[in-house]
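Please read the structure below before turning to the comments.
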Amino acid sequence: RAGARLTTAVDRVTRLFEQRDANIDFGVVHFSRIVGRVFNDVAMDGVRRTDAPGVRDIAVLLTSADVERRVMTDDGGDFEIDDLAPGDYQVTVDPLTVPANYSAPSAPAAVHVMPSATAVVSLAVQALRSVSGQVLVRHTASTSSDPAAARPVPLKGVRVAVGNRTVLTDDDGRFLMRSLPAGELKIGLVPIKLLPEDLRAPNGTLTLPAD
């Protein structure tokens, strides 16, 4: 009937001999399924790349008007939900099973399943990578006899660049940048005007891990 497909050949050939039985098997599939992976979104853009690692032991929830299913991801972050009727489903992860240093997607993925077909969905979780620090100025020479006058002074309102994003320091010269991608990032101060040739703004690189 409609919505079913054969997994074996339609025409089979066998030879019958005297006092012998022949067994012929036909495979028929009449259900749909959803397969996918919960992956570590190392680039923080929601796109699953070939090198994106999967996240294990995450509960995947599938819901519709009359269906509610729950499966766990395997060691590679993969999952499979079979024996589904065609229709529209919502797939998301259970935030209670996401590791403490990760964030779960805020909205479920909408999936339309065709008859006797396999739908593929990827669910991104993001590691909570951040960089914090403080910007200080140290006076190399002071005419004051007070030792406190030579201590570093916090700088307020300094623009700090981390990757392709910037943040301003607060009253104490501190800054915090959240939701950063994994990999090597450039970090440094952004001058408000052109510096003299013999002066360079502090800058460097840092490497954030995938997890």
| task | Considering only residues that are part of a loop (DSSP other than H, G, I, E, B) and modelled with pLDDT of 85 or more, look in region 24-46 and name the one that is nearest to SER130 (Cα to Cα). | result | VAL42
| request: Those residues that are open to solvent by 60 Å² or more (accessible area, probe 1.4 Å) and within 14 Å of ILE58 (Cβ to Cβ), I need them from region 78-100; list them, please. | output: GLU80, PRO95, LEU96, ALA100
| remark: Flagged in region 82-98 as outside any helix (DSSP H, G or I) and within 29 Å of ALA182 (Cβ to Cβ), in numbering order, are GLN90, VAL91, THR92, VAL93, ASP94, VAL98
| With respect to the numbered conditions (1) polar (S, T, N, Q); (2) in contact with a Phe, Trp or Tyr (Cβ under 8 Å, 6 or more places away or on another chain); (3) outside any strand (DSSP E or B), which one is the sole condition not fulfilled by SER106? | (2)
| said: As an exercise: evaluate ARG69 against (1) of a type outside the set (Asp, Glu); (2) part of a loop (DSSP other than H, G, I, E, B); (3) open to solvent by 30 Å² or more (accessible area, probe 1.4 Å) and give the number of the one condition it does not meet. | reply: (2)
| message | Looking at ARG37, ARG5 in this structure, which one is touching a residue at least 60 places away in the same chain (Cβ under 8 Å) and open to solvent by 90 Å² or more (accessible area, probe 1.4 Å)? | response | ARG5
| task | Have a look at GLY183, GLY188, GLY163 and point out the one that is among the small types (Gly, Ala, Ser) and modelled with pLDDT of 90 or more. | result | GLY188
| Failed condition for ALA52, given (1) assigned to a strand (DSSP E or B); (2) touching a strand residue (DSSP E or B) at 6+ places or on another chain (Cβ under 6 Å) | (1)
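The values are calculated or read from the model by the stated rules, or taken from the named source; none is laboratory data. From a predicted model like this one, the values you see are computed outputs, not experimental measurements. Positions of Cβ are generated from backbone atoms using ideal geometry, with glycine treated the same way; all protein chains shown enter the neighbour counts. Just so you know, the surface numbers come from the protein's heavy atoms only, side chains and all, with ligands and any DNA or RNA stripped out. Shrake-Rupley method; radii C 1.70, N 1.55, O 1.52, S 1.80 Å.
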